[in-house]
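The values are calculated or read from the model by the stated rules, or taken from the named source; none is laboratory data. All figures in this text were calculated on a predicted structure; none of them were measured in a lab. Every residue, glycine among them, receives a Cβ derived from its backbone with ideal geometry; neighbour counts consider all protein chains shown.
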Amino acid sequence: MDGFLNVNKAPGMTSFDVIKRLKKILPKNKFGHLGTLDPMAQGVLPVAVGFATRLIEYVSETDKVYQAAMTLGGTSDTEDAWGNIVYEPHIQFNEDALCGLLEKYTGNILQIPPMYSAVHHNGDRLYKLARQGIIVDREAREIRIQYIKLLAINRDSEGRPVISLEVSCSKGTYIRTLCHDIGRDLGTGAYLSALNRIRAGVFTIEESYSLEQIEQHKENLAEIIKAVDYPLNHLEEITIDIAQLGRILNGNRISINESMQPGLIRIYDPQYWLVSIGECIIEENVTVLKPLKVFK
């Protein structure tokens, strides 16, 4: 079986836990997940199955949408509810100031990765250093936040404000750091108390399946699995004839008469089966297709 499963990850599991469970549900298959979700988070986790694992590097999943709960009045060493939290005895929360900060954190911004993250520092993962009590300077990274919507303002059992947000952002954005930074600027402190990823690229929460649902469909996986080229629509495509097919499958370049833009391209056989991810090159006014990865 080849394609992509849109898994709705339950909270409390690592992304690796999801793969381990899928290997038990669907043995003799190869799996690879696209991106990761923190154990605390739930929601969309796309997983490649079979030869779709060879396409992961070409999948566009740069834009993601999350629904997050941010609790004010406390700070966490992990910036989320799973860390050591220090609470403020009294806070004053200004809703108008919050709305202004949501605008401040929209657009291209710089974000410093949290210590409890998989970012490398001199060959070590930051989270490994953090567990040893070592804090190091981290370089800020540019991210893009398309929008932040204020969904609701509630109170937890202790009366602390809990802000519900929807965030659309680029790959590499840490929502828990966003919450931490907003809480710092508000003067109240804040930590991420719940997180649900509702979209990762073309994969949406509405079309996702829990591991239990996938197990129920394991005898008829075709009902829920996405085609191998489902997340590749951002790439141009071309269908080649039988005469050209052999050269592509052998890793050889071919010239074509079509006018195409340079860049990555999906190459299909006459039966519209994906046979290669290639590169379109213009050489002396001739359009050339160079296969980068071939699927026989």
When residues of the stretch 272-289 are filtered for being in contact (Cβ under 8 Å) with a residue 12 or more places away in the chain and either outside any strand (DSSP E or B) or within 19 Å of Asp229 (Cβ to Cβ) (or both), how many remain? 9
Kindly list, by first and then second residue, each pair from a residue in the stretch 228-243 that is assigned by TED's automatic domain parsing to the domain that holds Pro270 to a residue that is among the charged types (D, E, K, R) and assigned to a helix (DSSP H, G or I), limited to pairs with Cβ atoms under 7 Å and residues at least 6 apart or on different chains. none
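Assess whether Glu158 counts as being more than 28 Å from the chain's Cα centre (by Cα), outside any helix (DSSP H, G or I), loosely packed, with under 14 Cβ neighbours inside 10 Å and not assigned by TED's automatic domain parsing to the domain that holds Asn84. Steps first, answer last, please.
Details: more than 28 Å from the chain's Cα centre (by Cα): yes; outside any helix (DSSP H, G or I): yes; loosely packed, with under 14 Cβ neighbours inside 10 Å: yes; not assigned by TED's automatic domain parsing to the domain that holds Asn84: no.
Answer is no for this residue.
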Among the residues in the stretch 9-19, are any in contact with a strand residue (DSSP E or B) (Cβ under 6 Å, 6 or more places away or on another chain) and of a type in the set (Val, Ile, Thr)? yes
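Residues are listed down the side, and each one gets a yes or a no for (1) more than 18 Å from Gly35 (Cβ to Cβ); (2) in contact with a His (Cβ under 8 Å, 6 or more places away or on another chain); (3) in the same structural domain as Asn154 (by TED's automatic domain parsing):
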| site | (1), (2), (3) |
| --- | --- |
| Cys169 | no, no, yes |
| Tyr174 | no, no, yes |
| Cys179 | yes, no, yes |
| Gly183 | yes, no, yes |
| Gly187 | yes, no, yes |
| Ala194 | yes, no, yes |
| Ser210 | yes, no, no |
| Glu215 | yes, no, no |
Among the listed residues Gly201, Gly159, which satisfies the condition of being under 18 Å from Asp63 (Cβ atoms) and of a type in the set (Gly, Ala, Ser)? Gly201
I'm told Asn220 meets every condition in (1) under 23 Å from His33 (Cβ atoms); (2) assigned by TED's automatic domain parsing to the domain that holds Thr71 except one. Can you identify the failing condition by its number? (2)
